[in-house]
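The values are calculated or read from the model by the stated rules, or taken from the named source; none is laboratory data. For clarity, every value in this text was computed on a predicted model and none was experimentally measured. Positions of Cβ are backbone-derived with ideal geometry, glycine not excepted, and every protein chain shown enters the neighbour counts.
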Amino acid sequence: MTATAFSSAPPPPLPEFGELVDRSEWLRARPGLEAEVRRWHRSLGAERRRIAAEAEDLARPRLSRLPVLALFLVTVRFLWFSLQALFRRTATPERRAVRWSKHLVQAGGPAYVKLGQLIATAQGALPETWTDAFAWCRDEVPALRPGVAEAVIAEEFGRRRAETFESIEPAPVAAASIAQVHLGRLADGTEVAVKVQRPGLRRRFELDLRVLAVIAAMADRVSRRARIANLPGFVELFAQLVLEELDFRLEALNMAEIGLANEDAGLDHIHIPRPIPGLVTARVLVMERVPGIRYTDAAVAHPELDGRRIVRLAVQGVLEHALLYGVFHGDLHAGNVLIDESGNFSLVDFGIAGRVDAGRRAALARLVIGFARNDFAAQVAAVAEFGALPPGIDLEPLVRQFAEESPTLLAAVDRPLNQLDFGLLTTQVARGVRLLAEHRFRQPKELVLFSKNLLYLNGLCNAFAPDINLLAEIAPIFLYFQTKYPREIAQIVFGSLGPHGRVD
């Protein structure tokens with residue numbers, strides 16, 4: 001199969017952040033937010049680079065820096081839970097795998113809960129038995145003890161707390177491995193959500209990451225399945241994601257940048273909460289409250305909603321944020337995508353976000369086009385452009401392996417796009433990520449996050465419109481993009497406009 005002839009001309013630049021801020025009514029509607037966002041943008045870029053370097057360092061296994069006591073305690077607790085399990089019946093291998101995963105998480109604590117959550121959502125990057133075994137981690141996170149969250153808020157805001165808040169509900173509405181969320185009201189009447197970080201996480205995560213780096217390296221040596229999964233690379237990815245999530249100022253900037261892209265694109269059906277200026281620290285994030293309930297609940301509570309419209313708008317939003325603006329929400333599971341009674345969206349929890357420069361944005365667009373056309377050579381070329389493959393590597397063997405492992409898709413190559421099943425696309429995405437791991441190639445954070453979002457879209461489609469073909473919705477969306485962004489799309493794909501001012 002011949003790859004699509006993409007141009008080697010420089011890709012078009014991304015929209016300028018300053019220009020988006022200059023024309024943003026969304027920011028100016030919250031007094032003081034524009035200046036705060038500009039300050040975050042100036043100051044936090046260096047922090048992201050420092051975190052990436054620290055994550056790489058923590059994920060490098062070094063016995064000399066190994067916290068022996070932490071490893072010993074994890075090992076002893078894991079063995080104790082496992083010995084207890086010997087006296088219980090486990091009916092199936094699947095149940096045994098789930099019980100083993102619970103033993104590991106119970107032995108390790110909050111960092112291992114977060115790792116379990118990432119494993120559970122890493123379809124394709126890790127073996128399916130692993131992702132299934134850790135699925136329980138997504139929901140089973142206990143809340144902090146009463147009074148702990150209030151103490152963190154008081155410590156961060158001091159005397160300003162009484163002056164700023166009219167009320168904060170003591171019981172959280174959501175609890176996760178890093179933080180929990182309380183509803184509240186500011187003194188000016190603004191309904192807000194207050195995200196509070198669990199105390200003591202930073203030091204604990206650093207210790208656990210060093211332990212996990214050694215465990216991953218040992219497993220990589222003794223287990224073929226671990227080698228296929230490239231566990232050391234996975235630990236480095238985990239380290240970068242979790243260290244970024246521990247600084248809520250970075251999340252506030254993620255929220256603002258995605259909100260600016262959303263406003264500039266005119267996606268009025270998607271609500272992005274604004275962070276409240278002056279009420280954002282590394283450990284507490286106060287943001288506007290947004291409407292809606294998690295989409296899996298909305299599909300049941302509002303059966304009258306137009307499922308096809310919801311699916312089409314979801315695909316459009318994911319692709320438009322990433323492919324036209326180079327920034328996107330990186331964790332679109334059901335709990336982070338809310339839908340109201342009108343069928344409009346609200347996005348929450350911006351701790352994980354993807355950012356790509358102009359070159360990687362173009363590679364991402366070409367990757368999606370390669371998927372839509374079942375063009376394996378184009379897909380591999382786009383992955384190489386993204387920086388996942390070593391420079392100068394021969395791509396042909398990789399293309400052949402990719403094609404040989406995709407017999408179902410190969411059989412579907414000559415079928416019209418509207419007859420292809422989106423499940424095939426998600427399977428192909430997962431297989432592509434797995435292939436990178438098997439060959440010990442890099443798995444760039446943004447490529448993994450975008451791949452996960454495609455899998456999440458498939459889940460949303462199953463909830464609202466299981467009978468429609470989600471992949472068929474991508475073609476009209478790209479036609480819409482060609483009309484709305486003719487020059488950008490043409491330059492991304494071909495480096496210049498086609499004869500009719502569009503991509504042909």
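Mind checking whether some residue in the range 328-351 is in contact (Cβ under 8 Å) with a residue 12 or more places away in the chain, β-branched (Val, Ile, Thr) and assigned to a helix (DSSP H, G or I)? If you could, list the steps in order and put the result at the bottom.
To start, the set of residues in the range 328-351 that are in contact (Cβ under 8 Å) with a residue 12 or more places away in the chain comprises 328-341, 343-351.
Those left that are additionally β-branched (Val, Ile, Thr): 337, 339, 348.
When the remaining residues are screened for being assigned to a helix (DSSP H, G or I), the result is none.
No: zero hits.
Residues of the range 475-504 being in contact with a helix residue (DSSP H, G or I) (Cβ under 7 Å, 6 or more places away or on another chain) and at pLDDT below 80, which ones?
Correct list: 475, 492, 493, 496, 497, 498, 501, 502, 503.
Could you grab the pairs with beta carbons closer than 6 Å, sequence gap of 6+ or different chains, first residue in the range 200-217 and crowded, with 22+ Cβ neighbours inside 10 Å, second one in a helix (DSSP H, G or I) and among the aromatic types (Phe, Trp, Tyr)?
Going by the 6 Å Cβ cut-off, there are no qualifying pairs.
Within the range 288-302, identify whether any single residue is without any contact (Cβ under 8 Å) to a residue 24 or more places away in the chain and out of contact with any strand residue (DSSP E or B) (no Cβ under 9 Å at 6 or more places or on another chain), and answer yes or no.
The answer is yes, given that some residue of the range 288-302 is without any contact (Cβ under 8 Å) to a residue 24 or more places away in the chain and out of contact with any strand residue (DSSP E or B) (no Cβ under 9 Å at 6 or more places or on another chain).
Can you tell me which residue among 38, 62, 28 is closer than 24 Å to residue 247 by Cα, basic (Lys, Arg) and either in the same structural domain as residue 354 (by TED's automatic domain parsing) or at pLDDT 60 or above (or both)?
Values: 62 fails: closer than 24 Å to residue 247 by Cα; 28 fails: closer than 24 Å to residue 247 by Cα.
Going through 38, 62, 28 in turn, the sole match is 38.
Please go through the range 352-403 and pick out each residue that is in a loop (DSSP other than H, G, I, E, B), in contact (Cβ under 8 Å) with a residue 24 or more places away in the chain and not aromatic (Phe, Trp, Tyr). It would help to see each step written out before you state the result.
Just the residues of the range 352-403 that are in a loop (DSSP other than H, G, I, E, B), to begin with: 352, 356-357, 373-375, 386-395.
Still in the running and in contact (Cβ under 8 Å) with a residue 24 or more places away in the chain: 352, 356-357, 373-375, 386-390.
Matches in the range 352-403: 352, 356, 357, 373, 374, 375, 387, 388, 389, 390.
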